[in-house]
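The values are calculated or read from the model by the stated rules, or taken from the named source; none is laboratory data. Every value quoted in this text rests on a predicted model; they were computed, and no experiment measured them. FYI the Cβ positions are ideal-geometry reconstructions off the backbone, even for glycines, and counts take in every protein chain you see.
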Amino acid sequence: MADNNDFEVTPWDVEGTVDYQRLIDKFGTERLTDDLKQRLFSLAGQDNLYLRRDFIFSHRDLDDVLDDYDDGGEFYVYTGRAPSGKMHIGHIVSFYLTKWFQDAFDVNVYIQIPDDEKYWAKDDLSLSDIDHYATENIKQIAAVGFDPDKTFIFRNREYIANMYDAAIKVSNEVNYSVAKSVFGFKSSTNIGMSFYPALQMLPTFFKENPCLIPAAIDQDPYWRIQRDIAHKFNHDKTAAVHNKFIPALTGPDGKMSSSKPKSAIMLDDDKQTIKDKVHSQAYSGGGDTLKEHREHGADLNVDVSYQWLHNLFLEDDDELRRIADEYSSGEMTTGEIKDILVDELWEFLQAHQERKENPDELVEDMMYDGSLASEMWNTNIELEK
């Protein structure tokens, strides 16, 4: 448990108020500089809200990927979703960033659904529970709007025959001492969990060209191990870009959780539910009374409504500055900024939900019938030292 002066970040949990510079130092990643972002935007021919507003804050070897691309090379993008429950806003952000990379650079996207790991990690989930969540999660991911011929969504338990030989070879290069040190495995940890990292690392070896992973920084331990062993298979170290954690509605500590419904906006929430949650639960940096708020204004650093607008939803920089000025001065009230957030959230989710209404054909293409999916089902992943 993290105390008020500390925080804890693992692939399974986030506690406390995260100090992102300390996390960069601890994990050994690099700050995503303005110069590197501008170079990325220049090559992409467009910018991106998450990157522009520093929600994507850290990276591993993004500069090398761009060097290779600038010289005529290609890269691919890999991310994933562990199906342990319904999806919320925090889960879908990395997929929208992944789509931006696909659209801007015309790259293939590989999306892993580790329907094995959650069975090993969660004592209260049956395989049938996980199958249900996997089916629903995949529909949500397909609704993001990926190119169905350049996207492969795969469930580990379905695709395992195509990648098991390679997974054996990856697992043989990582001893238990390293896995225990990196992931904090205990004597009570089941042996499935100790094998699983080989499976999450494996898609970084799917192709010979560089792999770029957009994901929250809590997943970085997997990529640190991959970077230590990639040379043994004559592959590049995987590159990554890391997003910050979206604060729970209920406060800036930790992150949203499907198991805590009041802390999250779910992807299938309707507008009234969103309004009710935001107005009753969204942590405010404003004054305790209207008089105090008018005198001192709001603390934007802890106000969840402002942070969500800044990091995720409000594209217009001038409008954001206006809101920041008026709210921090006390001219704008907490209720007013919450109304703005409700409108922006609903605009985003309404479009997403409309795309999810008839996803079956898209899902089939991305999992089985599209050009990339068909290619992958006819491929046995091979690794040679």
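Would you say residue 213 is assigned to a loop (DSSP other than H, G, I, E, B), of a type outside the set (Gly, Ala, Ser) and surrounded by 19 or more Cβ atoms within 10 Å (Cβ to Cβ)? Give the steps one after another, and end with the answer.
Values: assigned to a loop (DSSP other than H, G, I, E, B): no; of a type outside the set (Gly, Ala, Ser): yes; surrounded by 19 or more Cβ atoms within 10 Å (Cβ to Cβ): yes.
For residue 213, the condition - assigned to a loop (DSSP other than H, G, I, E, B), of a type outside the set (Gly, Ala, Ser) and surrounded by 19 or more Cβ atoms within 10 Å (Cβ to Cβ) - is not met.
When both residues are 6+ apart or on different chains and their Cβ atoms are under 6 Å apart, which pairs have a first residue that lies in segment 235-252 and is part of a strand (DSSP E or B), and a second that is crowded, with 23+ Cβ neighbours inside 10 Å and of a type in the set (Lys, Arg)?
Note: pairs meeting the criteria are 239/60; 240/60.
Enumerate the helices (runs of 4 or more DSSP H) found wholly within segment 152-203, keeping only those where 1 or more residues are surrounded by 13 or more Cβ atoms within 10 Å (Cβ to Cβ), in contact (Cβ under 8 Å) with a residue 60 or more places away in the chain and of a type in the set (D, E, K, R).
Values: elements: 156-171, 176-183, 191-201.
Ranges flagged: 156-171.
Of (1) hydroxyl-bearing (Ser, Thr, Tyr); (2) part of a helix (DSSP H, G or I); (3) buried (at least 22 other Cβ atoms within 10 Å of the Cβ), residue 96 satisfies all except one. Which?
(3)
So which of 6, 25 is modelled with pLDDT under 80 and either loosely packed, with under 15 Cβ neighbours inside 10 Å or touching a helix residue (DSSP H, G or I) at 6+ places or on another chain (Cβ under 9 Å) (or both)?
Details: 25 fails: modelled with pLDDT under 80.
Every option except 6 fails the conditions.
When segment 50-93 is examined, which residues are found to be surrounded by 22 or more Cβ atoms within 10 Å (Cβ to Cβ), assigned to a helix (DSSP H, G or I) and of a type outside the set (A, V, I, L, M)?
Result: 91, single match.
Consider residue 58 carefully, then state whether it is in the same structural domain as residue 209 (by TED's automatic domain parsing), hydroxyl-bearing (Ser, Thr, Tyr) and within 18 Å of the chain's Cα centre (by Cα).
On the way: in the same structural domain as residue 209 (by TED's automatic domain parsing): yes; hydroxyl-bearing (Ser, Thr, Tyr): yes; within 18 Å of the chain's Cα centre (by Cα): yes.
Taking the combined requirement at face value, the residue satisfies it.
Could you please find all residues in segment 263-280 being part of a helix (DSSP H, G or I), under 19 Å from residue 92 (Cβ atoms) and of a type outside the set (Gly, Ala, Ser)?
Let us first name the residues in segment 263-280 that are part of a helix (DSSP H, G or I), namely 263, 271-280.
Pick out the ones that are also under 19 Å from residue 92 (Cβ atoms) and you get 263, 271, 273-274, 277-278.
Those that are part of a helix (DSSP H, G or I), under 19 Å from residue 92 (Cβ atoms) and of a type outside the set (Gly, Ala, Ser): 271, 273, 274, 277, 278.
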